[in-house]
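Since the structure comes first, as structure tokens, the remarks are kept for the end.
The values are calculated or read from the model by the stated rules, or taken from the named source; none is laboratory data. Everything numeric here is computed off the predicted structure, so don't read it as measured data. Cβ atoms come from the backbone with ideal geometry, glycine included; neighbour counts cover every protein chain shown.
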Amino acid sequence: MLKAIIVAQQDRFFIPANIEKVINVADVVLVINNDYKSSLENKKTDFLRWFGPFQTAKMAFNQLSCVAKGFLDQTSGYRFYHGKYGIEHVARANGIDYLTCKNINDSELVNTILKLEPDLIVSFSAPQVIKKPLLSIPRFGIINVHGSYLPDYRGCFPSFWQLLNGEEYAGATVHIMSEKIDDGRIVVQDKVSISDCRTIFEVIARTKALGGDLVVRAISKIESGDLSTIANDASQGRYYTWPSKDDTKRFHKKGLRLV
């Protein structure tokens with residue numbers, strides 16, 4: 001089994017299940033919560049501005065429900081939910097070291113990772129650009145899961161843009177990380193239908209589940225000695241930033257919602 005480290009932003013809905021998928025196929029020795037300023041957990045005021053008080057409150061209620069279930073799970077020794085309501089909980093439920101960092105490129109953290117000698121680092125929607133000192137540590141590099149069929153929908157919040165643009169399909173891509181956003185050659189990718197989705201939450205649920213399955217495929221591929229990749233040509237796809245006021249107006253006009 002490959003020795004792996006997982007880097008993710010906090011998520012209490014989807015990423016814990018994906019971490020569990022990796023634990024089942026790799027020797028995961030550390031889970032890192034990259035609590036960077038651009039993570040979705042740290043954009044609460046933006047969500048209020050984009051989606052209004054009702055939708056934001058509804059999302060907050062769902063989040064608090066997951067926090068409560070995570071606390072109950074922890075106090076029971078993870079007998080109820082087996083760590084599914086937080087990345088810290090899925091790590092602890094499986095006896096894996098866990099830490100939180102504000103800066104994934106911090107020199108002390110990089111040295112800690114260096115000493116662990118990982119074969120692979122898996123990033124689930126890392127909110128921060130990872131620099132060369134860390135990129136060069138794992139034997140097979142760092143693979144990242146992005147919620148689109150790259151090279152299209154690079155950048156921020158692909159679920160919002162795919163829904164707003166009326167796409168029939170969204171996607172997920174596992175790619176080798178570089179120092180550029182959503183750059184690096186593609187290991188595996190696939191598409192999933194979102195034609196019946198009316199909320200961002202539905203799109204994210206489908207692309208995250210697909211992304212976790214693709215990471216398992218990527219690990220299996222690497223373990224078998226198949227290191228083949230395909231080009232990720234940025235000129236062939238669109239890049240999106242965070243939504244503007246006009247973008248969110250168009251979103252609401254279409255009857256689309258956050259949750």
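Results, tabulated for the structure shown:
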quantity: Test: residue in the range 16-24 that is in contact with a Pro (Cβ under 9 Å, 6 or more places away or on another chain) and touching a residue at least 40 places away in the same chain (Cβ under 8 Å); calculated: no
quantity: Single residue of Tyr85, Tyr98 found to be surrounded by 14 or more Cβ atoms within 10 Å (Cβ to Cβ) and farther than 12 Å from Arg12 by Cα; calculated: Tyr98
quantity: Residue within the range 210-219 that is in contact with a Gly (Cβ under 7 Å, 6 or more places away or on another chain) and either within 19 Å of Ala17 (Cα to Cα) or aliphatic (A, V, I, L, M) (or both) present; calculated: yes
quantity: Number of the exception - Ile6 against (1) outside any helix (DSSP H, G or I); (2) surrounded by fewer than 19 Cβ atoms within 10 Å (Cβ to Cβ); (3) in contact with a helix residue (DSSP H, G or I) (Cβ under 6 Å, 6 or more places away or on another chain); calculated: (2)
quantity: The range 202-225 residues that are without any contact (Cβ under 8 Å) to a residue 60 or more places away in the chain, paired with ones that are of a type outside the set (A, V, I, L, M) and in a helix (DSSP H, G or I) (beta carbon under 6 Å, 6 or more apart); calculated: Val203/Ser159
quantity: Number of the condition not met by Thr45 [criteria: (1) polar (S, T, N, Q); (2) without any contact (Cβ under 8 Å) to a residue 40 or more places away in the chain; (3) not in a helix (DSSP H, G or I)]; calculated: (3)
quantity: Meets criteria (β-branched (Val, Ile, Thr), surrounded by fewer than 17 Cβ atoms within 10 Å (Cβ to Cβ) and closer than 30 Å to Thr248 by Cβ) for Thr45; calculated: yes
quantity: Options Pro127, Pro151, Pro138: the member that is within 30 Å of Tyr169 (Cβ to Cβ), outside any strand (DSSP E or B), touching an Asp or Glu at 6+ places or on another chain (Cβ under 8 Å) and not charged (D, E, K, R); calculated: Pro151
quantity: Qualifying residue in the range 155-169 (condition: crowded, with 23+ Cβ neighbours inside 10 Å and over 25 Å from Asn42 (Cα atoms)); calculated: no
quantity: Residue in the range 201-209 that is more than 30 Å from Thr56 (Cβ to Cβ), under 21 Å from the mean Cα position of the chain (by Cα) and not charged (D, E, K, R) present; calculated: no
quantity: The one condition in (1) buried (at least 18 other Cβ atoms within 10 Å of the Cβ); (2) without any contact (Cβ under 8 Å) to a residue 40 or more places away in the chain; (3) of a type in the set (A, V, I, L, M) that Val90 fails to fulfil; calculated: (2)
quantity: The range 206-249, residues that are surrounded by 13 or more Cβ atoms within 10 Å (Cβ to Cβ), in a helix (DSSP H, G or I) and among the basic types (Lys, Arg); calculated: Arg206, Lys208, Arg217, Lys221
quantity: Close pairs (7 angstrom Cβ cut-off, 6 or more residues apart or separate chains): on the phi > 0 side of the Ramachandran plot in the range 137-150, part of a strand (DSSP E or B) and not polar (S, T, N, Q) anywhere; calculated: Gly141/Ile176
quantity: Hits in the range 154-176 (condition: small (Gly, Ala, Ser), modelled with pLDDT of 95 or more and in a strand (DSSP E or B)); calculated: Ala170, Gly171, Ala172
quantity: Count - residues of the range 64-82 that are surrounded by 17 or more Cβ atoms within 10 Å (Cβ to Cβ) and either in a loop (DSSP other than H, G, I, E, B) or not basic (Lys, Arg) (or both); calculated: 6
